[in-house]
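Worksheet for the structure shown next.
The values are calculated or read from the model by the stated rules, or taken from the named source; none is laboratory data. Remember, it's a predicted structure, so these values are computed and weren't measured experimentally. So basically every Cβ, Gly included, is an ideal-geometry build from the backbone, and we count neighbours across all protein chains shown. Each accessible area value is taken on the protein alone, full model and side chains, heavy atoms only, with ligands, DNA and RNA left out. Shrake-Rupley method; radii C 1.70, N 1.55, O 1.52, S 1.80 Å.
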Amino acid sequence: MTMAARYYCGTPLNPRASLKAIFYSLSVACLISLGETYHVNTPWLAGRFQSRPRCWLRQERHRHAMALNSSPFTLKTTIVNSFANNEESSKSTTDDESTTTAVEVNEKKFHHTPQSLNAIKLQSRLLKSLRQTSLTYEMFRPNDRIMVCISGGKDSATLLHLLLHLQPKLAKINTPFEVVAVHLNQMQPGYDNGVLIEWLEDLGVNYKIVTEDTYSIVKEKTPEGKAYCSLCSRLRRGILYSIAHELNCNKIALGHHGDDAMETLLLNMIHGGVMKGMPARYHSTSRDMHVIRPLIGCVERDIAEFSREMQFPILPCNLGGSQEDLHRGRVKLLCDAMESMNPQARKNVITAMGNVRPSHLLDEDLRVACGLDRVTGGIVEEERAALIGETVIKIVSADGEMPRADDEQVEDCLESVQTHRLSSFIESLL
């Protein structure tokens, strides 16, 4: 009997050791089951279980399950034989089993489930944001046929993965929808979509590869020193609208995330003098097509890390990716500088785009549209102003009546309110 067997099982006549052996066998069976289900690599189990072939894990779990129906002595004998004789039995079968396992690993080129605890956390975080965005903007309706645009980057690959994960869950609550993946081959030099096609086929999703030579058009029409992305996106969007109608899709899903919306907002403010970002959903009247951005509430850092964990096939861009020192790259540096002031700066800016106060902005037409006074920003229509969070502060006297405007009580109250606002503002700066 080895030291490990004596430690876990004790002597055959010791009932406490028998109970310990039963508890240990149940723990081992649970850990092996969790490891096989979630493929979690637990460091402290590496020396005992993960160094052995996976078929040994299945045999070990079956052996422990059979031992639970035996007597305590038989159970301890089974566990002793399991650990004491495993080294001898594994030597004769290690070569064959390792060869079989290596073949299985090579055949499984892509993994569509998270392989680590970090990937599981990232997927849960991204799915939570996607579900909240889809509920807020009513992105999914029963019997929708959604065309997911796959550019070959991390964002669109993550979007397709999450939608396929969400599809069966929404089907259970009577919201079934179809997903069709479409990739546009722009005839860029050195382009190879073989890995992407293998990934789509392994996913089992319906897909279509469209070939259009937009690369030469963008290179010809774009002046030297200007960014390719603007013209390239317009050409690509027009082609995708046509393909969506050919595939009988009523919605197009794009992989833009919160960082894209924030950078677009800053670019429009800096270069265009207008506060305009990216909507989470809009309807193109000229094309009669709904466009949705389910990842608009997600942070790019989480998407990039999740893409690395899942090892999605990434195709480099030889147009915009070949240009250095672009405006969007500089805006990314600006966002990084903002995070040096507050680590939650990116998330706060994304939240701020959905939390606007027109009374504290200078757009007079927006004030009128929100039921506010054009000049002062005061509330004119209470019902409409309440929709944007603007409320009226009503001052009631002791007898329950509204005081007159010339009462000293009203003046004192308004003065105290102004003093409170000023002190709050000063405290926020300190």
key: Residue within the range 177-185 that is open to solvent by 60 Å² or more (accessible area, probe 1.4 Å) and not β-branched (Val, Ile, Thr) present   = yes
ask   = When both residues are 6+ apart or on different chains and their Cβ atoms are under 6 Å apart, which pairs have a first residue that lies in the range 345-373 and is closer than 23 Å to residue 258 by Cβ, and a second that is open to solvent by 30 Å² or more (accessible area, probe 1.4 Å) and modelled with pLDDT under 90?
value = none
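Given the structure, is residue 197 in a helix (DSSP H, G or I) and more than 21 Å from the chain's Cα centre (by Cα)?
Numbers: in a helix (DSSP H, G or I): yes; more than 21 Å from the chain's Cα centre (by Cα): yes.
Against the criterion (in a helix (DSSP H, G or I) and more than 21 Å from the chain's Cα centre (by Cα)), residue 197 qualifies.
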message = Being among the polar types (S, T, N, Q), open to solvent by less than 70 Å² (accessible area, probe 1.4 Å) and in contact (Cβ under 8 Å) with a residue 40 or more places away in the chain is the filter here; which residues of the range 114-134 pass it?
response = 115, 116, 118, 123, 129, 133, 134
message = Being without any contact (Cβ under 8 Å) to a residue 24 or more places away in the chain and among the basic types (Lys, Arg) is the filter here; which residues of the range 187-218 pass it?
response = none
ask   = Filter the range 354-365 for residues that are part of a helix (DSSP H, G or I) and over 33 Å from the mean Cα position of the chain (by Cα); which is surrounded by the fewest Cβ atoms within 10 Å (Cβ to Cβ)?
value = 365
In the range 323-353, the residues that are open to solvent by 70 Å² or more (accessible area, probe 1.4 Å) and modelled with pLDDT of 90 or more = 333, 334, 336, 340, 341, 343, 344, 347, 348, 351
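Residue-by-condition table, conditions (1) among the hydrophobic types (A, V, I, L, M, F, W, C); (2) free of Cβ contacts under 8 Å to residues at least 60 places away in the same chain:
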{"site": "280", "(1), (2)": "yes, no"}
{"site": "285", "(1), (2)": "no, yes"}
{"site": "288", "(1), (2)": "no, yes"}
{"site": "295", "(1), (2)": "yes, no"}
{"site": "299", "(1), (2)": "yes, yes"}
{"site": "302", "(1), (2)": "no, no"}
{"site": "306", "(1), (2)": "yes, no"}
{"site": "310", "(1), (2)": "yes, no"}
